[in-house]
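The block underneath contains the structure these notes are about, expressed in structure tokens.
The values are calculated or read from the model by the stated rules, or taken from the named source; none is laboratory data. Here the structure is a predicted model, which is why all the values come from computation and not from measurement. Positions of Cβ are backbone-derived with ideal geometry, glycine not excepted, and every protein chain shown enters the neighbour counts.
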């Protein structure tokens, strides 16, 4: 690109906001309008994709809720046993969390300064807590009443 053609292309548009007159570079208004149209088109496409995603997720969630309802209807005794087990494990979880918080309060300073103590704590309590939460969640889903399951989905 030659030196003279470099100066003929406007890089920035200028708008004079002084009273009585407005000037702008040749063609920049058209370029801005076209750019805004492209942005609007891209935003419209994004909105369409998001609507499709919401539809797919809602359909999947409704199907899952229906399957759980059918399972609970086919296994009412097991669903009740899951409810009892979830409640019992929730009590165990409370006791476990009390032990964890005691451990944290006793070793907080050591955890702050020593990475080994923090890693030891995470290795000791983390996986067990994560698995316990997962089991409670599964039991709760299998035992929840249809009304509670649909309320959770909203």
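Restricted to the range 63-80, and to residues that are free of Cβ contacts under 8 Å to residues at least 12 places away in the same chain and surrounded by 11 or more Cβ atoms within 10 Å (Cβ to Cβ), which residue is farthest from the chain's Cα centre (by Cα)?
Among them, the one singled out is 75.
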Open item on the list: Given the criteria in contact with a helix residue (DSSP H, G or I) (Cβ under 6 Å, 6 or more places away or on another chain) and either outside the structural domain of residue 140 (by TED's automatic domain parsing) or in a helix (DSSP H, G or I) (or both), does residue 81 qualify?
Closed with: no
